[in-house]
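In what follows, a single structure is set out as structure tokens and then discussed.
The values are calculated or read from the model by the stated rules, or taken from the named source; none is laboratory data. Only a predicted model underlies this, so the values are computations on that prediction, with no experimental measurement involved. Glycine gets a Cβ as well: all are built from the backbone with ideal geometry, and neighbour counts include every protein chain shown. Surface accessibility is based on the protein's heavy atoms, side chains included, excluding ligands, DNA and RNA. Shrake-Rupley method; radii C 1.70, N 1.55, O 1.52, S 1.80 Å.
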There are 2 protein chains.
Amino acid sequence: MYRTHTCGELRISDVSKSVTLAGWVQRARKLGGMTFIDLRDRYGITQLVVGADAPEALVESANSLGREFVIQVKGTVVERQSKNPKMDTGDVEIAVSDINILNKSLTPPFTIEEQSDGGEDIRAKYRYLDLRRAPLKRALELRHRIAHECRNYLDAHGFLEIETPYLIKSTPEGARDFVVPSRMNPGEFYALPQSPQTFKQLLMVAGYDRYMQIVRCFRDEDLRADRQPEFTQIDCEMSFVEQDDVLAMFEGMMRSLFKNVLGVDVPNPLPRMSWYDAMDNYGSDKPDVRFGMLIHEITADAQGHGFGVFDSVPYVGAIAVEGAAGWSRKELDELTEWVKRPQIGAKGLVYIKLNEDGTVKSSIDKFFSPEELQAIAAKVEAKKGDLVLVLCGPKRKTQTQLGVLRLELAGRAGLRDPKVFAPLWIVDFPLLEWSEEDGRFYAMHHPFTAPKPEHLDLFYSDRKEDLERVCANAYDFVLNGNELGGGSIRIHNADVQERMFQVLGIGKEEAEYKFGFIINAFKFGAPPHGGLAFGFDRLCALFGGQETIRDYIAFPKNNQGRDVMIDSPSRIDQVQMDELCLASTVKQ
Amino acid sequence: MYRTHTCGELRISDVSKSVTLAGWVQRARKLGGMTFIDLRDRYGITQLVVGADAPEALVESANSLGREFVIQVKGTVVERQSKNPKMDTGDVEIAVSDINILNKSLTPPFTIEEQSDGGEDIRAKYRYLDLRRAPLKRALELRHRIAHECRNYLDAHGFLEIETPYLIKSTPEGARDFVVPSRMNPGEFYALPQSPQTFKQLLMVAGYDRYMQIVRCFRDEDLRADRQPEFTQIDCEMSFVEQDDVLAMFEGMMRSLFKNVLGVDVPNPLPRMSWYDAMDNYGSDKPDVRFGMLIHEITADAQGHGFGVFDSVPYVGAIAVEGAAGWSRKELDELTEWVKRPQIGAKGLVYIKLNEDGTVKSSIDKFFSPEELQAIAAKVEAKKGDLVLVLCGPKRKTQTQLGVLRLELAGRAGLRDPKVFAPLWIVDFPLLEWSEEDGRFYAMHHPFTAPKPEHLDLFYSDRKEDLERVCANAYDFVLNGNELGGGSIRIHNADVQERMFQVLGIGKEEAEYKFGFIINAFKFGAPPHGGLAFGFDRLCALFGGQETIRDYIAFPKNNQGRDVMIDSPSRIDQVQMDELCLASTVKQ
């Protein structure tokens, strides 16, 4: 071993010990004939001192050290004259008697500090240097800790981690698969799994009634910001359970993660909110409930006053912005432009200012009396000094726009504190979504999601209105406005499954083609089962108080799906192409 | 929850409790008006009884149950009249008051018992049914337990599990890569990793000085028996360590696995054997040391007696087979044919029988006096009643043949008990292998394996004989004749690396092309480091007392790399091919 202690270990109680440390030179500086070196490893930083009276060779060696040199030093722990209370090792330093340069280093292309001076591209290219920075080290340590706690909890609850294959079969449903040509089976391809969904359900058929896996998944999508072509899931499934059993098990897991990893207590049980309430009150199926600013429907109050914009739409909704009555015309104009951007798509923005002096001022003064505006404000739970913002249009669309506006204004007001955690379950999703365009129903989750048992009568109804009201036995785990996980109770009954295909307009032949394999497996005694999956990358990021996942993945890819560090993907040899019986059709 | 207890849980102390169980019907049988049902789940089997006096509907329901039906039953725990001491639940049975058929089952195509009547192909096709059998359930439970213990040990020793990417870059060295065409980067490919070797070394450069991962690896090889295109490794790397540190850490891990998973104590420290001793004494670099039957060189004794076969070769070696002096001519002929098979390739087999009466009988009586044969037998540590078997030829080749013969005879004699565990380290491998054919050296492991520090002088010598004597800082973990793991201390010094390329005849340009990326990363302060990887599938199989890995993988592929259950690989849509800018060159 090249060291007796790590660089994060020594304390005042170690004074006068002879120690050997090894690590990287964070920085070296001369001060009045003495040389001070900050030596860094994964565990911390320890200050080294080479005295002015040290042997010449040692002083020379100390002065030859550049940033990121790897060295081994021997010396004695001494108490510091000027202590550094910000560092765990700040009470001591090492009086160095020997320096052994283990490896030199070129000058790194950016500073390896808490905040680096390197741009994103250069840091991505030299990821192995960026990973030396403390924020990334904390991120990966946190990731390890969460995975470990997660496995411990699930192991203690009887779950088996079972590895499912990565070389599977391409399926005609869902997002695009990455495929892998098979040399031994020319012209044929494996696919990389988008999730182990089929396999975990087969494991339930096989009787492994509590399955878990922290598993890589692959999706060949056009990448949006903060999406990765490969990502990690905590994937779980249980048999002989109902929805409440699944929720209890996994909120228990999340509670233990919050407690054991972050020292944070979250409510027991966690709040549950129906999808309908989430949409009505937050304009989102993944509501951020760290703050209020709820959406209120004011259709009845808003219509019939001669304001055509309100009168011509099915829904009028509003939120109250605390203390914002004083916003200027310019600020309101900017906000109006903001909601009219195509990403949000509102037609316009109506405001009502509740001035501190009790008067009201609104962009629709012409159509509403002050009393009528006050009545609206009261419905929105606005008080003196607040600003009411109103949008209108089709119900869900308008609620969604209000939801986005709500998040934006909360962000501006600093109400979205990443150190505050407000997890909850969203339940009672609609089972089916009607597509006006196609004139048919689609499964909101997937065609194996079970309807709620109490809605089975509705599910067998022929009326569109009834079918629209059927709720699914599905659930999402939401944290701070992010969907962190989701799942459902699966259909295990062949009749219900057949009805599902019927409702979705999937014929016997199509069902056989698309889902035949799993349907057949289910004929050999499928137990009632259900499960869920958590997005592990995002879970780690949110636990770390970050919105982006990239720092929580050791070697991420960029938005073009490239690993710029290893320069991948890349061309392969013609020999390889020939062996795979493939030709490229790319025009050179 | 569909149950109050599992089918493996109830004991005599639970008698008179009202319980609900759920599971699969293992079998149902009528006996004197009563119906007995064995109900099975992951945890065990519990006997259910429907009495002759039960309500008609219940009796009918019980009699309608087929094998593998999924049912939920309510009832009362009662003491059995005739207890079954072989079952954990054998003291009790459930007097059933209610049966709820959760799902019917088609008749499975083979019996779901400890031993199945199904052939390998049908069981592979219905893997989800085969997985219901107790031996496979035990295998996957064992696999889970080993992984969990392994992670706990390494976590307790400060290792971080860090996930490395699966979509990486194809490298021109080593076995064939599986590749993944990139739609977003037309004409370019990712590769699936054969191991995370590069990434774990980068993590050392990045300062994560204790890394571990249980990780899938991929190798597009022509499959031999018991090889899988995707397999799992326990992959580890450490910084600031020497060989002894690595061995101590990981034999500690193996010791804790043996103890905590199997309740087996293995020696502390584990035996270490040099590669040279392993070859000389066992004719294998992965010796099975559960039994003796060592190989002895008898070249000096064998030559100069006028037997041309011996006189014309560089090496003569022998083993003693205990108590086999009485083997018939026919048995010896069969054995001679066996060693002459092309897989072994011996030219012939010489024997010396040490009869119980003190006489000797040999196929080379003509050339050797009884005393000379006795002298040879003494060297081989044979005693009265034993049989000495002699092979000759080039040294390592002959030793290897003797090694294979040794294993075969030990197997026949029942000396390879899978419940006996004899782990050891093989160390002091040669760094380099001379290829007569190519007239150059190859790296025995890979070009980043460090020479032993005490052999650095030899390493810089220009003499072939010196270079052949250089030992590597490499090590294999061997269990019962299987190489379970291996690794090395890596070269971190640029000069040593340069010398390595020079010795291997790899020019600067070629080195840059093949290894440029990692060589450049090493310029920014690479610490001394080393590591190893264990083959997790085989580790599980050996811990389970099996020689084949297939039952220890939930969804394995067959020898053609096919998953016959999901019928993969398979053709993909032309649309997918077009999107990937690929055309098949397979002749239809």
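Please report the antiparallel percentage of DSSP beta bridges with both residues in the protein assembly as shown, rounded to the nearest 5.
Numbers: 189 of 203 bridges.
Among the beta bridges of the protein assembly as shown, antiparallel pairing accounts for roughly 95 percent.
Explain nothing, just the number: relative contact order of the range B:46-96, from Cα pairs under 8 Å at least 6 residues apart, as a whole percent. Mind dumping the intermediate values first?
Details: 54 pairs, mean separation 25.4, N = 51.
Dividing the mean separation by the residue count of the range B:46-96 yields 50 percent.
Distances over 55 Å make up what percent of all Cα-Cα pairs in the protein assembly as shown?
Details: 221089 of 690900 pairs.
The calculated P(r) of the protein assembly as shown puts 32 percent of pairs beyond 55 Å.
Between chains B and A, what is the buried accessible area in Å², counting both sides, with a 1.4 Å probe and ligands, DNA and RNA left out, to the nearest 100?
On the way: alone 30050 and 30050 Å², together 48720 Å².
Buried surface at the B/A interface: approximately 11400 Å².
Under a crude label model (7 Å from the Cα following the beta-carbon direction), how far is B:Leu31 from A:Arg499 in nanometres?
4.1
May I ask you to derive the relative contact order of chain B, considering only C-alpha pairs under 8 Å and at least 6 residues apart, and to give it as an integer percent? Intermediate results must be reported in sequence, preceding the final value.
Values: 1094 pairs, mean separation 74.4, N = 588.
Reported relative contact order: 13 percent.
Lysines within cross-link reach of B:Lys86: Cα-Cα under 19 Å, excluding same-chain residues under 8 positions apart?
Result set, ordered by chain and number: B:Lys137.
Between the chain alone and the structure with every protein chain in place, find the residues of the range B:498-547 that drop at least 30 Å² of accessible area; heavy atoms, 1.4 Å probe.
Those are B:Phe517, B:Lys523, B:Phe524, B:Gly525, B:Pro528, which lose 30 Å² or more relative to the chain on its own.
Could you check the simple spin-label distance between B:Asp365 and B:Ala583, using points 7 Å along Cα→Cβ, in nm with one decimal?
7.5
Nearest 0.05, what FRET efficiency do B:Ile122 and A:Asn260 give at R0 = 56 Å with Cβ-Cβ as r? Walk me through the numbers before you get to the answer.
Working: r = 46 Å, r/R0 = 0.83.
Result of the calculation: an efficiency of 0.75.
If you roll a 1.4 Å probe over the range B:1-114 with all protein chains in place, what percent of the accessible area is carbon or sulfur? Walk me through the numbers before you get to the answer.
Details: 2660 of 5390 Å².
Using a 1.4 Å probe with all protein chains present, the range B:1-114 comes out at 49 percent carbon and sulfur.
For the range A:196-212, which residues drop by 10 square angstrom or more in accessible area between the chain on its own and all protein chains together (1.4 Å probe)?
Buried by the other chains: A:Phe199, A:Leu202, A:Leu203, A:Val205, A:Ala206, A:Gly207, A:Tyr208, A:Asp209, A:Arg210.
Using the heavy atoms of the protein chains alone and a 1.4 angstrom probe, what is the accessible area of the range A:291-412 per residue in square angstrom? Let's see the in-between values first.
Numbers: 5790 Å² over 122 residues.
Counting only protein heavy atoms, the per-residue value for the range A:291-412 is 47 Å².
Enumerate the calculated ³J(HN,Hα) couplings along the range A:113-121 in order (Karplus 6.51 cos²θ - 1.76 cosθ + 1.60, θ = phi - 60°), each rounded to whole Hz, writing x wherever the residue is Gly or Pro.
Working through the residues one at a time gives 9, 3, 10, 9, 8, x, x, 4, 5 Hz.
What are the label-to-label distances in nm, one decimal and shortest first, from A:His446 to the same spot in the other copies, with labels 7 Å along Cα to Cβ?
3.5
Under a no-solvent Debye model with one identical scatterer per Cα of chain A, what's log10 I(q)/I(0) at q = 0.06, 0.07, 0.08 Å⁻¹?
Log10 of I(q)/I(0), two decimals: -0.46, -0.62, -0.78.
Enumerate the aspartates and glutamates that A:Lys384 could reach by cross-link, defined here as Cα to Cα under 16 Å, with residues fewer than 8 away along the same chain left out.
A:Glu322, A:Glu356, A:Asp357, A:Glu371, A:Glu372
Sorted from shortest, what are the nm distances separating the label point of A:Val15 from equivalent points in the other copies, each placed 7 Å from Cα along Cα to C-beta?
Nearest first, the other copies' label points are 7.1 nm away.
If you find the alpha carbon centre of the range A:91-166 and of the range A:232-254, how far apart are they in angstrom?
When both Cα centres are located, 31 Å separates them.
Can you give me the orientation-averaged projected area of the convex hull built on the Cα atoms of the range B:371-520, in nm²? Intermediate values should be presented prior to the final figure.
Details: hull surface 51.7 nm².
So the Cα hull casts an average projection of 12.9 nm².
Considering only protein heavy atoms, what per residue accessible area in square angstrom results for the range A:534-583 with a 1.4 angstrom probe?
Working: 1800 Å² over 50 residues.
With the other protein chains kept in place, the range A:534-583 gives 36 Å² per residue.
Would you list, by chain and number, the lysines whose Cα falls below 18 Å from the Cα of A:Lys17, excluding same-chain residues fewer than 8 positions away?
A:Lys74
Relative contact order for the range B:12-103: what is it in percent, counting Cα pairs under 8 Å that are at least 6 residues apart? Working shown, then result.
Working: 204 pairs, mean separation 30.7, N = 92.
Computed over the range B:12-103, the figure is 33 percent.
Taking 2.2 N^0.38 Å as the expected size of a compact globular protein, what ratio does the Cα radius of gyration of the range A:12-103 give against it, to two decimals?
On the way: Rg = 12.0 Å, N = 92, 2.2 N^0.38 = 12.3 Å.
Working it through for the range A:12-103, the quotient is 0.97.
Here is the link list: A:Lys395/A:Lys419; B:Lys169/B:Lys557; A:Lys83/A:Lys125; A:Lys452/A:Lys508; A:Lys523/A:Lys557. Which ones come out longer than 31 Å on Cα distance?
Numbers: A:Lys395/A:Lys419 33 Å; B:Lys169/B:Lys557 24 Å; A:Lys83/A:Lys125 37 Å; A:Lys452/A:Lys508 24 Å; A:Lys523/A:Lys557 42 Å.
Going by Cα-Cα distance, A:Lys395/A:Lys419; A:Lys83/A:Lys125; A:Lys523/A:Lys557 fall outside the 31 Å limit.
How many percent of all Cα-Cα pairs in the range B:261-368 sit more than 22 Å apart? Present the calculation step by step, with values, prior to reporting the outcome.
Details: 2727 of 5778 pairs.
Cα-Cα pairs of the range B:261-368 separated by over 22 Å account for 47 percent.
Could you calculate the FRET efficiency of A:Ile344 with B:Asp573 from 1/(1 + (r/R0)^6), where r is the beta carbon distance between them and R0 is 41 Å, rounded to 0.05?
On the way: r = 36 Å, r/R0 = 0.89.
Result of the calculation: an efficiency of 0.65.
Provide the net charge surrounding A:Ile298, with neighbours chosen by a C-beta distance below 12 Å and charges set as Lys +1, Arg +1, Asp -1, Glu -1.
On the way: positive: A:Lys379; negative: A:Glu297, A:Asp301, A:Glu372, A:Glu381.
Here the charged neighbours net out to -3.
Charges only on Cβ, +1 for Lys and Arg, -1 for Asp and Glu: so what's the dipole of chain A about the Cα centre, in debye to the nearest 20?
Working: 72 positive and 87 negative charges, 318 e Å.
In debye, rounded to 20, chain A gives about 1520.
Could you tell me which residue out of B:Tyr166, B:Leu294, B:Gly90 lies farthest along the dipole of chain B toward its positive end? Charges go on the beta carbon: Lys and Arg +1, Asp and Glu -1, centred on the Cα centre.
The residue sitting most towards the positive pole is B:Gly90.
Once both labels are modelled 7 Å past Cα along the beta-carbon direction, what's the A:Asp438-A:Glu408 spacing in nm?
Between A:Asp438 and A:Glu408, the label points sit 3.2 nm apart.
What's the longest uninterrupted piece of chain A once you rule out the trypsin sites (Lys or Arg not before Pro) that are loop residues per DSSP with at most 11 other Cβ within 10 Å? Please report the intermediate quantities before stating the final value.
Working: sites that count: A:Lys86, A:Arg224, A:Lys366, A:Lys419, A:Arg463, A:Lys587.
Excluding the exposed sites themselves, the longest stretch runs over A:225-365.
Give, as a single signed number, the net charge of other residues whose beta carbon lies under 14 Å from the beta carbon of A:Thr111, with Lys and Arg counted +1 and Asp and Glu -1. Before the final figure, lay out the partial values.
Working: positive: A:Arg27, A:Arg40, A:Arg67, A:Arg123, A:Arg132, A:Arg133; negative: A:Asp38, A:Glu68, A:Glu113, A:Glu114, A:Asp117, A:Asp130.
Around A:Thr111, the charge tally is 0.
Counting other Cβ atoms within 10 Å, which GluC sites (Glu not before Pro) in the range A:82-151 have at most 16 and lie in a DSSP loop? Show your work: numbers first, answer last.
On the way: sites: A:Glu93, A:Glu113, A:Glu114, A:Glu120, A:Glu141, A:Glu149; in loops: A:Glu113, A:Glu114.
Sites meeting the loop and neighbour criteria: A:Glu113, A:Glu114.
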